[in-house]
1. Is segment 87-130 rounded, prolate or oblate when judged by the Cα gyration tensor, a ≥ b ≥ c being the square roots of its eigenvalues, rounded requiring a/c under 1.5 and prolate requiring a/b larger than b/c?
2. Write down the percent of antiparallel bridges among all DSSP beta bridges whose residues are both part of segment 2-185, to the nearest 5.
3. Number of Lys-Lys pairs in the chain under 24 Å by Cα, sequence gap 8 or more or different chains?
4. How high is the relative contact order of segment 1-70, in percent, counting Cα pairs under 8 Å that sit 6 or more residues apart?
5. Specify the residue with the greatest mean-square fluctuation among ILE36, ILE65, ILE127, computed from a Gaussian network of the chain linking alpha-carbon atoms under 10 Å apart.
6. Quick check: Cα centre of segment 144-185 to Cα centre of segment 35-95, how many Å?
7. Along the charge dipole of the chain, pointing to its positive end and built from +1/-1 on Cβ of Lys, Arg, Asp and Glu, which listed residue (VAL156, GLY183, THR60) has its Cα farthest out?
8. Report ³J(HN,Hα) in whole Hz for each residue of segment 120-135, in order, from the Karplus equation J = 6.51 cos²θ - 1.76 cosθ + 1.60 where θ = phi - 60°; Gly and Pro get x.
Amino acid sequence: MLITILYDSGYGHTAKQAEAVANGVRRVPGAEAQLIAVADGDTPWEKLAASDAIIFGSPTYNGTISARLKKVMEDSTRPAWLPQSWRNKIAAGFTNSGAMHGDKLNSLVTMTLFAAQHGMIWVGLDIFPGKSPEEKNRVGGWLGAMAQSNDESPEVTPIKSDLDTAAYLGQRVAEVTGQFKAGAAR
């Protein structure tokens, strides 16, 4: 079971979140995590088509996803949308910004709508918002994992609970993908 984390990161904070998502995926037996940074060059459409799930990640800049992830979305028309090669794949998303709110929900909505247009099946979080900085989902997202990073090095921020939330999302996506594949095999 191949789960791809397709993400962008401007300063390393969202990359750290992507690594946490991948670690969560790897907690599930039989699940393989593949990280693809959109900044690394051409989009590997064949790898995405071969994935059982795609988890999208982006920093939230000015209330929406990064320009690089948006370009990948726009470029997906011919290689993925027209042939419907992502139809019935599991999808999810995560985002990070400097502000506690920072309009991160709009970034997740953008990812969700994109996935819906490709016929994908969205998986959100199923954990109640934390009441303290030490608890998972402290930012209070349901649609996906949200993190907040101070203007400090990625070695320091986002904090552990945000990374735990991202790992939980990766694990949840792997579990749901496994359930979906098992049901499809019947």
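Quick note: the coordinates plus some simple rules give every number you see, no bench work behind them. A quick note: this is a predicted structure, and the numbers were derived from the prediction, not measured. Neighbour counts are summed over all protein chains in view; Cβ atoms, including those assigned to glycine, are modelled from backbone coordinates with ideal geometry.
1. Numbers: a/c = 3.37, a/b = 1.65, b/c = 2.05.
Note, shape of segment 87-130 comes out oblate.
2. On the way: 1 of 25 bridges.
The antiparallel fraction comes to roughly 5 percent.
3. Summing the qualifying lysine pairs gives 22.
4. Working: 106 pairs, mean separation 32.7, N = 70.
After rounding, I find 47 percent.
5. Looking only at ILE36, ILE65, ILE127, the largest GNM fluctuation is found for ILE127.
6. Segment 144-185 and segment 35-95 have Cα centres separated by 17 Å.
7. Going by the Cα projections, it comes out as GLY183.
8. 7, 10, 7, 10, x, 7, 10, 10, 5, x, x, 9, 9, x, 8, 9
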